[in-house]
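This report concerns only the one structure given below.
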Amino acid sequence: LLADRQSFMGAILMCAQHGVTPDGNEATLQVYNTKIKGPDGKDAWVKKVTYLPMIRGIVNRVERSGKIRPFHAEVVYDGEAFSLDLSHGDRRPAHTFDPMRRGNDDQIVGAYSVARYSDGVVDCEVMPRSEIDKVMAVAKTKNVWDGWFSEKAKVAVMKRHSKRLPLSAEDMDFILNRDETDFEQV
């Protein structure tokens, strides 16, 4: 209610343009303090609305291409077995874990995403914790990372992986260009 109405309408229009619903599943609307130049030339802070794609929205977008299915991501905790099998000419992950005995966010050692092409080739992108931490360090959404580290780690690896997937320019715009902005979250 207190945010700039024009930015709210713009965020809704971008959701419509990208074919996602801001329902907290495909995308979410967030309010940020944004520094702008006022009419007097001085800096002023305005509450603006933007939308952020979420994991389900990214997966839907990639799978909608018809070239990849499934597309998913997972985190790896300390003590879990993870390896990549490169012997078949593709990148197949092998990850074994007990889903009832996983660690906490501090014990995440990395994340990976997997894409299976329609011809059966499997591709995997891997991000160790050090690279995830670099993404988090430049993120403007620190409080989201603090509360949902494993989910944001999955989004980070999926975004990196998407850069080499056969996607349209519109799909790439949705996946890569909408998450981290020059805003401070309210």
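The values are calculated or read from the model by the stated rules, or taken from the named source; none is laboratory data. From a predicted model like this one, the values you see are computed outputs, not experimental measurements. With ideal geometry, Cβ positions are generated from the backbone for all residues, glycine too; neighbour counts draw on all protein chains shown. Calculation scope for accessible area: heavy atoms of the full protein, side chains included, ligands and nucleic acids excluded. Shrake-Rupley method; radii C 1.70, N 1.55, O 1.52, S 1.80 Å.
Okay, here's what the table says:
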{"quantity": "Gly66 assigned to a loop (DSSP other than H, G, I, E, B) and touching a residue at least 40 places away in the same chain (Cβ under 8 Å)", "calculated": "yes"}
{"quantity": "Scope segment 160-177; condition at pLDDT 90 or above and part of a helix (DSSP H, G or I); matching residues", "calculated": "Arg160, His161, Ser162"}
{"quantity": "Flag for Glu131 being touching a His at 6+ places or on another chain (Cβ under 8 Å), open to solvent by less than 60 Å² (accessible area, probe 1.4 Å), free of Cβ contacts under 8 Å to residues at least 40 places away in the same chain and not aliphatic (A, V, I, L, M)", "calculated": "no"}
{"quantity": "Qualifying residue in segment 108-115 (condition: in contact with a helix residue (DSSP H, G or I) (Cβ under 7 Å, 6 or more places away or on another chain), without any contact (Cβ under 8 Å) to a residue 40 or more places away in the chain, hydroxyl-bearing (Ser, Thr, Tyr) and under 21 Å from Phe149 (Cα atoms))", "calculated": "no"}
{"quantity": "Some residue of segment 39-59 being assigned to a helix (DSSP H, G or I), farther than 29 Å from Ala111 by Cβ and either modelled with pLDDT of 90 or more or among the hydrophobic types (A, V, I, L, M, F, W, C) (or both)", "calculated": "no"}
{"quantity": "Among (1) under 21 Å from the mean Cα position of the chain (by Cα); (2) at pLDDT 95 or above, the one test that Thr21 misses", "calculated": "(2)"}
{"quantity": "Candidate set: segment 86-101, residues that are farther than 18 Å from Met127 by Cβ and not hydroxyl-bearing (Ser, Thr, Tyr); chosen: the one most open to solvent (accessible area, probe 1.4 Å)", "calculated": "Arg101"}
{"quantity": "Residue in segment 16-35 that is nearest to Ile55 (Cα to Cα), counting only those that are open to solvent by less than 60 Å² (accessible area, probe 1.4 Å) and assigned to a strand (DSSP E or B)", "calculated": "Ala27"}
{"quantity": "Close pairs from segment 13-41: first on the phi < 0 side of the Ramachandran plot, partner acidic (Asp, Glu), Cβ under 7 Å, at least 6 apart", "calculated": "Val20/Glu26; Tyr32/Glu184; Asn33/Glu184; Lys35/Asp43; Lys37/Asp43"}
{"quantity": "Condition broken by Glu125, with the remaining ones in (1) touching a helix residue (DSSP H, G or I) at 6+ places or on another chain (Cβ under 7 Å); (2) over 23 Å from Leu29 (Cα atoms); (3) among the acidic types (Asp, Glu); (4) open to solvent by 30 Å² or more (accessible area, probe 1.4 Å) satisfied", "calculated": "(4)"}
{"quantity": "Close pairs from segment 87-103: first closer than 14 Å to Tyr117 by Cα, partner surrounded by fewer than 10 Cβ atoms within 10 Å (Cβ to Cβ), Cβ under 9 Å, at least 6 apart", "calculated": "Asp90/Gly120"}
